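Each remark here refers to the structure printed beneath this line.
Bear in mind these aren't lab numbers, they're just calculated from the coordinates by the rules spelled out. Since the structure is predicted, the reported quantities are computational estimates derived from the model, not experimental observations. Methodologically, a virtual Cβ is constructed for each residue, glycine included, from the backbone with ideal geometry; neighbour enumeration extends over all protein chains shown.
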């Protein structure tokens, strides 16, 4: 092996010891071995279960709780909810029931504690109305007759209306 590839370092008693690099294996590897170094930093920042908790909050919490509090952060078993001061006081008394409901919906004991962070009240959210196409595009020629043709025509118009 060429001398420049070998690593030199000081061993015990100050003697210089050459160390050869470990042999590389270019054979096939499992997908888990390849994905782990890539996904580990992302999962360290936010676990998939925590992302599901934050994304599915309205379904997990129910309409009443979702309207009054919003998840801010989830770390170490503690779910931080943003809400107004009076709401935080009320939710603090109902914390055991809220935790039980969330853990039941998630399927395992993920939420251990609730923490409340005071935030300004949010205006009620309304779903934006779907814009109607200004000039509907005529459907292409040669669509099959019946329900399939009508569905393909609607799909075509939806795609054309978005640009």
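Which percent, nearest 5, of DSSP beta bridges in the stretch 45-118 are antiparallel?
45 percent
Going by C-beta contacts inside 10 Å, put 64, 56 in order with the fewest on the left.
So the ranking, lowest neighbour count to highest, is 64, 56.
Could you calculate the contour length gain from residue 104 to residue 89, that is, 0.36 nm times the residue separation minus the distance between their Cα atoms, to one decimal place in nm?
Full-extension gain reported as 3.1 nm.
For residue 112 and residue 147, what does the FRET efficiency come to when R0 = 41 Å and r is the distance between their Cβ atoms, rounded to the nearest 0.05?
Computed FRET efficiency for residue 112 and residue 147: 0.20.
Normalised radius of gyration for the stretch 45-118, please: alpha carbon Rg relative to 2.2 N^0.38 Å, two decimal places.
Normalised Cα radius of gyration, the stretch 45-118: 0.98.
Grab the Cα-Cα distance for residue 64 and residue 16, subtract it from 0.36 nm times how many residues apart they are, and report the gain in nm with one decimal.
10.2 nm
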